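The values are calculated or read from the model by the stated rules, or taken from the named source; none is laboratory data. Remember, it's a predicted structure, so these values are computed and weren't measured experimentally. Because the Cβ atoms are built from the backbone with ideal geometry, glycine has one as well, and the counts that use them run over all protein chains shown. Ligands, DNA and RNA are stripped out before the accessible areas are found, and what is left, the full protein with its side chains, is counted by its heavy atoms. Shrake-Rupley method; radii C 1.70, N 1.55, O 1.52, S 1.80 Å.
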Amino acid sequence: MTETPEQSVKPPAPALLKASLNKGYRDQHVNTLKRRDRPTAKPSRRLTEWHRMDSGERAANWTALLAWVTWLHDRYELGVEERLPRCWAQHPGLIEELWALKAWREEIYDAKQPSGQAARYWHAELRQTMHAAIIFYAAGCRAGHRGADGLAAEDTRLQQHWATADPAAGIPTALLKADEPSRGRTDSYLFLTAATMSARREQRVAVPLGKTLTDCLRYDGSWWMAGEGGWLRIIDPKLDHHLNNRFAALALADRSVDRHRARKAAGGNA
């Protein structure tokens, strides 16, 4: 039996289709965002506060967010009736909402075992965010209902308009992280030098996990592990919870030992 042209065209294998979609997700619109002042820092692969980034990190993450929002805008038809206000980049709150949505989606889709349920939750939250964008953040920014004027990726003026916005708008200057020197590692949110942690221990604001477990310290609301050249903040919630339980158990055991020694010493003196 002779195949028709329609029958001879086979759909792509699921693995190839998934790889193609993933590649399109990551690479789409990159060429439209090339600029002479391309930041040298790499965008974060985790959710980071804008005021905890130095200027290079902010520039890299802002470029990455612009590319992702452009993809989101076109993929989800957010230009229809301006579901995503064109002035989103001038609303600090929307910057934070979209930044969190980006990080959450990457956690879901880049997981070793992506969850369909988690993806559905993400899409529900996307709709809530777009509703908030219109009703809460940009309630006075719309001039009436209309369809999308075109793809954001092909709108040079809109891209320039977005790119000139400041992702750190609304953050006090005093909170912005200063640029780190190019040589040597200095204190940051995730790292403390050995000298700094030693000083914190002398001030008794850094507490060891146990009397004999001094390579793990509790300081500034987090656990820190001794590493090469300093101390690293533990940001894994499960490990943090485990260490909290371990700390409580060791403290209870230490108090029991202290009471036993005190009774023994009192009996010997008698």
When a/c reaches 1.5 or more, the comparison of a/b and b/c decides; with that in mind, is region 74-224 rounded, prolate or oblate per its Cα gyration tensor?
prolate
What does the charge dipole of region 212-270 about its Cα centre add up to, to the nearest 20 debye, if the Cβ of each Lys and Arg holds +1 and the Cβ of each Asp and Glu holds -1?
480
Considering only protein heavy atoms and a 1.4 Å probe, what is the carbon-and-sulfur percentage of the accessible area of region 150-270?
54
